[in-house]
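These notes are about the structure you will find just below.
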Amino acid sequence: MAELTGVVADVSRFLAYFAIWGILAIALNMQLGQAGLYNAGIVGFWGIGAYAAAMVVTDPVAAGIATPGHWGIDQSVFPRIAGVSTSFAFGVVVAGIAAAVLAFFIAIPTLRLRADYFAIATLGLGEITMRVFVKNLQGVTGGVYGFGGIPRPFEFGFETYKTELSYFGLVAVALLVIFLAVERMSRSPWGRALRTVREDEDAAQAFGKDTFFLKLQSFVFGAFLMGVSGALFAFWLRGVFPPENQFTPQDTFTVWVMVIIGGMGNNRGVLLGAWVFLFLEYVTVRLPSWIDIPQAFAIKIFYFRLIAIGVILILIILFRPQGLLPEKKHVAKRPRWVLNW
Amino acid sequence: MVLQNLLNGLVEASVIVMAAMGLSLIYGVKKFANFAHGDMMTVGAYFALFIMGVTGRNYVAGILGALLFVALLAILFEFLIFSRLEGRGPVAPLVASVGLALILQNSIRSVWGTDIITFGIVLPENWAFPVRDPLTGLFVTLNPLQGFAPMVTALVSVLFLTFLLQFTKLGKAMRATADNPDLARITGINVKQVRYVTWVLAGLLAGAGGIIIGVRLTTLVPGLGASILLIVFSAVILGGIGSAYGAMLGALVMGLARNLFFPVAVRTGIPEEFSLLIPFGILVIVLLVRPQGIVGRPVGFDVPPIRAEFKKLLHSLARAWRRRVRG
Amino acid sequence: MTKARPLLATHAVTKTFGGVRAVDRCTLAVQSGTITGLIGPNGAGKTTLFNMIIGLYAPEEGSITFGVERIDGLPAYEIVDRGVVKSFQIPREFRRLTVLENLLVAHPRHPGENPIAALFGRRRVWDHEEMIRKKGLDMLALVELDPLSDAYASDLSGGQKKLLELARALMTEPKLVLLDEPVAGVNPTLTKKLLSLLSDLRANGKTFFMIEHDMDVVMTQCDRVIAMHQGRPIAEGSPVEVRRDEKVLEAYLGA
């Protein structure tokens, strides 16, 4: 019985992890797959979201001997519904807004740059956000130590499997809602206008599209979703730790891999890309404990996986740039529920 | 005058310039930002270590072997990957180079693991110059291996590259190809050859750069090259991407700027960690204000000034508001 | 004969590219309700002039007026909003959109083209969408592309893409249409149909300003012709007048 609960906890944790990255992939798909924005500063938005949410759901901690302390909000201000604190909902929303605001300011000077310059600029700005500011604002963010102790919405004490399973349920619902919302937005006239910006920005302008504004909308909205993902990630990890090992450019490129291999412009495709990447990781990490492999080899599988991912990325770019699940022909259909106002 | 910092800045600039020149060459001729450049440097450093390991600390063999290896790899990359991506714009090869970086870095990890490895050299003693730094009161020092050697290598490389580009037929062919490949082809230049030669040069410079970094740090980690990639990009863009001279200039400014920041930090009390802000900050400012860099190579697209961007934003918001009001 | 206020007028507009004056203090006017031809040897600056009128480039000197309003310096989408549109000489279709989508996206002032409407879907948006869908299909029928409405625009042939360019331009509900060689590469039967379409539209009040090299088309279709050479107009008048103009002959023979 204990083994079963252990497995449930483990699998739930993994599935929640997948959902968190899935949201990131969908967000990047909106920016990259639809509008053609090569955002290489994803970790800036993800990280800001994580830190913002972390601060909303934890009490502030003053600087002490072992810790520089960090900002927070006195948790007693949040009402509780059915025994669950509403601070989590606030945390997620604040995270999204924080990331969206950051995106707004980053967008204005960078949107006019061509795709590769845009990538470099956003890479630099993302690094500045995380590496310089977050890491060095000691009293605010916990500096190089980060901080832990972030609670989960549903805590079940020693019954970890319940905690993990319930959290997975929550994140799965979030993923579903976001997926449906973004699919709906993609099939709308707005999604269509975005795609013209991706295809040929000058022609789009010549036929009446305000391409700057469209790019801004896509960028900010995508960043909002990245912030939400960051919040969910902070809750999942129960902590935020500084960008030496976390929130690195590697993470940004991981999302790129998921979107490009999965299928740019296709939300199902990018989820598939996320799944392939993470499932491979799940398997290779656990393989040594399942079957007997010489110790030296076991460690190396980890790196072989990443080498394989690199090879696949190159092959996709060379021979199948549209990805595993290419973008389907969009039909702008009247959605089933439409507000009448 | 802050002499020690100035000297340190020159040394750091020497390191940056090795990578920056190669990166600029590739951008100029192959028209893309090579995100695998840092890892090519790392490969150079590790392979030198490997050769030294099997030849019993033969430094010459190590260096030459590493340079040769990286140059061959560069040829392989062009042959297998980048030659097929010609004409597909700047982003496709960029993404491919991201994949390549993954492959290179993790190949190194799979062979050597993630542990730090010492380069295993004995450091000679610092040279002391008969000048005192006014700030610290100490004699200005320079280490022959970690400080002087990189400067010499960088200087030699810079002079060599300048000579090549300015006075040789090959150099002129490279510049012509960077300027306008179709026109170059029509005038009889073997553009394919030029591309391969560019990769070889970039590979040699990257390999040498990696070895220098290894010597300066005396330890190797798989993330060696990748960690300075953003600083190198900053230098290249500051100078003017696609221009080798721009790269040299940008590297110089970048190396000096960071090191000259330290005395400023000491005087004004800004925490030292914010020194990282300098390369990234410069990058961002350049991209905002003058993306074509100091040298001002055409960037291939129109860059409206920032004020115009704000105006555009206000315009768009006003328009959207008017639409809502109109109903 | 007193001239009514022209629909479009340029005053001494200039544009330089790398030291070469592509358009050199060009002053001309297009009257409302006409099909006005713009001819001239290659390099005369015709396409550059069009790009400035539509707002893709801003003139360095001079001004451009549409109706009573100055439009030089405005972003392209504002100019399209005011009723000017340009079709591209080498078609620039949106490749990974369907043929129909290429048209739908050109229709102006769609209430659904913002993310809030996309997410919450007001009924107005979808009513508008259905309306322009019908319009789009009608337009495609006019250029005989309707069986391909669901194909990717990149799958069309060269001539079909030119038809798409024209249809897309018309979808923007323009008052003034700048056409850049609209029938090059289109088969003769369809060309005749298109040209008669242009005449009908002109009768309904649309104005066409057309770059064209095919002299037959110019002679039969255009009410007025302007000839450009080296960045400025050198002759203006009825097609017959301009064709006989010495300066024009010189320009073509010498160029």
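The values are calculated or read from the model by the stated rules, or taken from the named source; none is laboratory data. Source: prediction; values computed, not measured. Virtual Cβ from ideal backbone geometry, glycine too; neighbours counted across all protein chains shown.
Annotations for the structure displayed:
- Subset of segment A:277-325 (residues that are closer than 30 Å to A:Arg187 by Cα, surrounded by 15 or more Cβ atoms within 10 Å (Cβ to Cβ) and more than 9 Å from chain B (Cβ to nearest Cβ)): A:Phe277, A:Leu278, A:Gln322, A:Gly323, A:Leu324, A:Leu325
- Residue count, segment B:86-102 (criterion: at the interface with another protein chain (Cβ under 7 Å from one of its Cβ atoms) and surrounded by fewer than 22 Cβ atoms within 10 Å (Cβ to Cβ)): 3
- Segment B:216-241, subset surrounded by fewer than 22 Cβ atoms within 10 Å (Cβ to Cβ) and more than 14 Å from the chain's Cα centre (by Cα), residue nearest to the other protein chains (Cβ to nearest Cβ): B:Gly223
- Test: residue in segment C:186-197 that is surrounded by 14 or more Cβ atoms within 10 Å (Cβ to Cβ) and in contact (Cβ under 8 Å) with a residue 60 or more places away in the chain: no
Listed here are the residues, each with its yes/no results for (1) in the same structural domain as A:Phe253 (by TED's automatic domain parsing); (2) closer than 30 Å to B:Leu288 by Cα; (3) under 25 Å from the mean Cα position of the chain (by Cα).
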site	(1), (2), (3)
A:Val57	no, no, yes
A:Val77	no, no, no
A:Val94	no, yes, yes
A:Val101	no, yes, yes
A:Arg112	no, yes, yes
A:Ala119	no, yes, yes
A:Phe133	no, yes, yes
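- Taken over segment A:171-195, the criterion of being free of Cβ contacts under 8 Å to residues at least 40 places away in the same chain and more than 10 Å from every other protein chain (Cβ to nearest Cβ) is satisfied by A:Val173, A:Leu176, A:Val177, A:Leu180.
- Within the option set C:Met210, C:Met131, C:Met171, being modelled with pLDDT of 90 or more, within 14 Å of chain A (Cβ to nearest Cβ) and crowded, with 19+ Cβ neighbours inside 10 Å holds for one residue only, C:Met171.
- Test: residue in segment B:36-58 that is outside any helix (DSSP H, G or I) and farther than 23 Å from B:Thr218 by Cβ: yes
- Here B:Thr114 passes the criteria (1) surrounded by 22 or more Cβ atoms within 10 Å (Cβ to Cβ); (2) in contact with a Pro (Cβ under 8 Å, 6 or more places away or on another chain); (3) among the hydroxyl-bearing types (Ser, Thr, Tyr) except the one numbered (1).
- Tally of residues being closer than 18 Å to A:Lys135 by Cβ and not small (Gly, Ala, Ser) across segment B:229-276: 10
- On inspection, A:Leu271 passes the criterion of being touching a residue at least 60 places away in the same chain (Cβ under 8 Å), away from chain B (no Cβ under 14 Å), part of a helix (DSSP H, G or I) and not aromatic (Phe, Trp, Tyr).
- Test: B:Gly281 is in contact (Cβ under 8 Å) with a residue 40 or more places away in the chain and either assigned to a helix (DSSP H, G or I) or not β-branched (Val, Ile, Thr) (or both): no
- Test for A:Leu232: is it assigned to a helix (DSSP H, G or I) and buried (at least 23 other Cβ atoms within 10 Å of the Cβ): yes
- Beta carbons closer than 7 Å, at least 6 apart along the sequence or on distinct chains, pair a first residue in segment A:244-263 that is more than 11 Å from A:Tyr38 (Cα to Cα) and more than 9 Å from chain B (Cβ to nearest Cβ) with a second that is of a type in the set (S, T, N, Q) and surrounded by fewer than 24 Cβ atoms within 10 Å (Cβ to Cβ) for A:Gly263/A:Gln322.
- Residue check, C:Gly112 crowded, with 19+ Cβ neighbours inside 10 Å, at the interface with chain A (Cβ under 8 Å from one of its Cβ atoms) and among the small types (Gly, Ala, Ser): yes
- Wholly within segment B:121-220, helices (runs of 4 or more DSSP H) carrying at least 1 residues that are among the basic types (Lys, Arg) and over 25 Å from B:Leu73 (Cβ atoms): B:169-179, B:181-186
- Of the residues examined, A:Leu125 is not one that is more than 9 Å from chain C (Cβ to nearest Cβ) and surrounded by fewer than 20 Cβ atoms within 10 Å (Cβ to Cβ).
- Taking segment C:191-236 as the range and being in a helix (DSSP H, G or I) and of a type in the set (Lys, Arg) as the test, the residues that pass are C:Lys192, C:Lys193, C:Arg202.
- Of all residues in segment C:213-244 being charged (D, E, K, R) and buried (at least 17 other Cβ atoms within 10 Å of the Cβ), the one that is nearest to C:Asn42 (Cα to Cα): C:Arg232
- When each of A:Val259, A:Val283 is tested for being modelled with pLDDT of 85 or more and within 30 Å of A:Arg198 (Cα to Cα), the lone residue that passes is A:Val259.
- Residue satisfying all of: in segment C:50-66; more than 15 Å from C:Phe208 (Cα to Cα) and of a type in the set (A, V, I, L, M); farthest from the other protein chains (Cβ to nearest Cβ) among these: C:Ile64
- Meets criteria (buried (at least 19 other Cβ atoms within 10 Å of the Cβ), more than 8 Å from chain A (Cβ to nearest Cβ) and at pLDDT 90 or above) for C:Leu104: no
- Only one entry in C:Val80, C:Val99, C:Val85, C:Val30 is more than 17 Å from the chain's Cα centre (by Cα) and either more than 7 Å from every other protein chain (Cβ to nearest Cβ) or at negative phi (or both), namely C:Val99.
- Flag if A:Trp71 is more than 14 Å from the chain's Cα centre (by Cα) and in contact (Cβ under 8 Å) with a residue 60 or more places away in the chain: yes
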